[in-house]
Amino acid sequence: RDREAWGGGIAYADGKLYVTSGHRQVVQLDAATGALGWRTRTDAPVHAAPTVVGGRVYAVTVDDNLLTFDTATGTQGWTYQALTEPARLIGASSPAVAGDSVITAFASGEIVALRTANGNDLWNTPLNRESRSNALSEIRDVVGRPVVYRGDVYAISQAGAFSAIDLRSGQARWTLPVAGIGTPWPAGDVVYVVSRAGEVVCVARESGQVYWIRDLNEGLTGRRRAFWTGPILASNRLVVVSSHGDAVALDPKTGAPGARIRIGASGLITPIAVDGTIYVVTDNAQLVAIR
């Protein structure tokens, strides 16, 4: 009956599409024909794409409830209720699965690791700064996806904490005062992230030492400053897109800007790279392919 909703997303596994929706449902479709496999209703909207691994669908609702579903039947399995946070951003994160652990970020600023088999709590690490400078930093939401890479979990919060967390213990290896709503990109011995202020930060994975920072809004003030999303590393280029409709390639070693092209409209979603092509979805519903 609701005519308007937003959010959700899709995941693909074994010839099936799994779709979450702001209309309070999780759906399985045949990827080749679109035929409905099953549809399961949820108590609250889902504003992020699901994660599908090992016969389970994982999805987080807007009331910070992690739900699981059987991929074959759509039957709901175990759930995990995190702290409910009424003040949150218009966005959400998808869980990450590594081995027998699922790592999920919530609007409360919690990064939680659970057993995939039964949802038992392994560890819970808050991603918050002790000192906050303004009202916006009181919003602790973790919108970007947590990334598991070489035994660590990398995540960044709106409240101003960018951390590397040990996957086994949940102990933070290092934390930097960087606020953001994107997904970190670890590669080799470094990890990249884009801050809320439009800075691309390159950090040593092991120590958290900052190698370089590139301010993409340098020289711009007020409303002229752009929102930047990304980064992704493709063909030895670190690529970010902006709300001003730019795609920019940076040198991953130095942060020096290289090629810049116009994509025609705001880019608010992190692009992806496949087989030599970068794909960007713009705010006016265009799909742009960049060689």
May I ask you to say which residue of Arg129, Arg224, Arg150 is of a type in the set (Lys, Arg), surrounded by 15 or more Cβ atoms within 10 Å (Cβ to Cβ) and either farther than 26 Å from Ala59 by Cβ or at pLDDT below 95 (or both)? Arg129
With the range 23-124 as the region, which strands (runs of 3 or more DSSP E) entirely inside it contain at least 3 residues that are modelled with pLDDT of 90 or more and of a type outside the set (Gly, Ala, Ser)? 25-30, 36-41, 51-53, 56-60, 65-70, 76-81, 101-105, 110-115
I need a count of the residues in the range 248-257 that are among the hydrophobic types (A, V, I, L, M, F, W, C) and open to solvent by 10 Å² or more (accessible area, probe 1.4 Å). 2
Residue list for the range 164-183, restricted to those being in contact (Cβ under 8 Å) with a residue 40 or more places away in the chain and either open to solvent by less than 20 Å² (accessible area, probe 1.4 Å) or within 17 Å of the chain's Cα centre (by Cα) (or both): Ala164, Ile165, Gly170, Ala179, Ile181, Gly182, Thr183
For Thr20, only one of the following conditions fails: (1) part of a loop (DSSP other than H, G, I, E, B); (2) among the β-branched types (Val, Ile, Thr); (3) crowded, with 16+ Cβ neighbours inside 10 Å. What is its number? (1)
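Which residues, taken from the range 227-238, are hydrophobic (A, V, I, L, M, F, W, C) and open to solvent by less than 10 Å² (accessible area, probe 1.4 Å)? I'd like the intermediate steps shown before the answer.
At the first step, the residues of the range 227-238 found to be hydrophobic (A, V, I, L, M, F, W, C) are 227-228, 232-234, 238.
Correct list: Ile232, Leu238.
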Listed by first then second residue, the pairs whose first member lies in the range 10-38 and is more than 15 Å from Ala49 (Cβ to Cβ), whose partner is of a type in the set (Asp, Glu) and assigned to a strand (DSSP E or B), with beta carbons under 9 Å and at least 6 positions apart or on separate chains, are Gly15/Asp30; Leu36/Asp30; Gly37/Asp30
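Which one is farthest from Gly160 (Cα to Cα), of the residues in the range 184-207 that are open to solvent by 40 Å² or more (accessible area, probe 1.4 Å) and assigned to a loop (DSSP other than H, G, I, E, B)? Lay out the reasoning, then the answer.
Just the residues of the range 184-207 that are open to solvent by 40 Å² or more (accessible area, probe 1.4 Å), to begin with: 185, 189, 196-197, 199, 206-207.
With the extra rule that they be assigned to a loop (DSSP other than H, G, I, E, B), the set shrinks to 189, 196-197, 206-207.
Numbers: Asp189: 23, Arg196: 9, Ala197: 11, Glu206: 20, Ser207: 18 Å.
Only one residue tops the list, namely Asp189.
The values are calculated or read from the model by the stated rules, or taken from the named source; none is laboratory data. Just so it is clear, the model here is predicted, and its values are computed rather than measured. With ideal geometry, Cβ positions are generated from the backbone for all residues, glycine too; neighbour counts draw on all protein chains shown. The accessibility values were calculated without ligands, DNA or RNA, using every heavy atom of the protein model including side chains. Shrake-Rupley method; radii C 1.70, N 1.55, O 1.52, S 1.80 Å.
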